[in-house]
1. Give the relative contact order (percent, whole number) for the chain; include only Cα pairs under 8 Å separated by 6+ residues.
2. When DSSP beta bridges are limited to those with both residues in segment 86-167, what percentage is antiparallel, rounded to the nearest 5?
3. If I model segment 1-115 as equal point scatterers sitting on the Cα atoms and use the Debye formula, what is log10 I(q)/I(0) at q = 0.16 Å⁻¹?
4. Be a star and scan segment 18-48 for residues whose amide nitrogen sits under 18 Å from the point 7 Å along the Cα-to-Cβ vector of residue 72.
5. Give me the distance in nm between label points sitting 7 Å out from Cα along the Cα-to-Cβ direction at residue 50 and residue 116, one decimal.
6. Find the relative contact order for segment 44-83 and round it to a whole percent, using C-alpha pairs within less than 8 Å whose residues are 6+ positions apart.
7. For segment 1-63, take the alpha-carbon Rg, divide it by the Kirkwood Rh, and send me Rg/Rh.
8. Considering only DSSP states other than H, G, I, E and B, which trypsin sites (Lys or Arg not before Pro) in segment 1-62 qualify as loop sites with at most 14 other Cβ atoms within 10 Å?
Amino acid sequence: MAPVFRSDGQARLLAVLLLGDDELSITDLAARAHLAYPTAHREVARLLEAGILAEREVGRTRLVRANQDSPLVGPLREILLVATGPVALLAEELAELPGVEVAFLYGSFAARMQGVEGPSPKDIDVMVVGEPDVAAVYDACSRVEQLVGRPVNPTIVTATEFGRDSGFLEHVRSNPIIPIMGELPWR
């Protein structure tokens, strides 16, 4: 992402704000984008100055959101939707589902987001750890798939299954992953 955006952190921050409809405090934005508060604060200041974000104050809290009047927001949203959108979109979708303890991207899409060279990924692999309603997970992934234009393939395992030794899970754990929600149990 760095060739298009200043940093991966900036891309995650923009994905949270431009791909959602939320108006967030900088503290909440930092948490959702997996950034330190000072980093989020600096990036918000740059993006406000560029006119990409707008803000308002409620008491002592600054709330930021996408500036819908900016001609840059639409094109940025399209880029983010394809490049980082699955993380933000899946986070929103999976957060609504009871039983999801941990979720992360793995496979070629995660590897490319981490800067590993290779062909452009044709699909997005997501690991869901917990005991959610399986149909609800597939429905959530289907909604994200429609938005990002790539197949989203969920793998659902219980925490017990995830802790077991298996060639597949060892491969997943030893290769690049992108956290979506929850604490990764092996890191």
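The values are calculated or read from the model by the stated rules, or taken from the named source; none is laboratory data. Model, not experiment: these values are computed from the prediction. Quick reminder, even Gly has a Cβ in these numbers, built from the backbone with ideal geometry, and neighbours come from all protein chains shown. These accessible areas exclude ligands, DNA and RNA; they are computed on the full protein's heavy atoms, side chains included. Shrake-Rupley method; radii C 1.70, N 1.55, O 1.52, S 1.80 Å.
1. Values: 272 pairs, mean separation 37.3, N = 187.
20 percent.
2. Just about 50 percent of them are antiparallel.
3. Per q value, in the given order, log10 I(q)/I(0) is -0.74.
4. 18-20, 40-48
5. 2.8 nm
6. Once normalised by length, the contact order is 28 percent.
7. Across segment 1-63, the Cα-based Rg/Rh ratio is 0.94.
8. In loop regions of segment 1-62 (DSSP not H, G, I, E or B), the sparsely surrounded trypsin sites (Lys or Arg not before Pro) are 6, 60.
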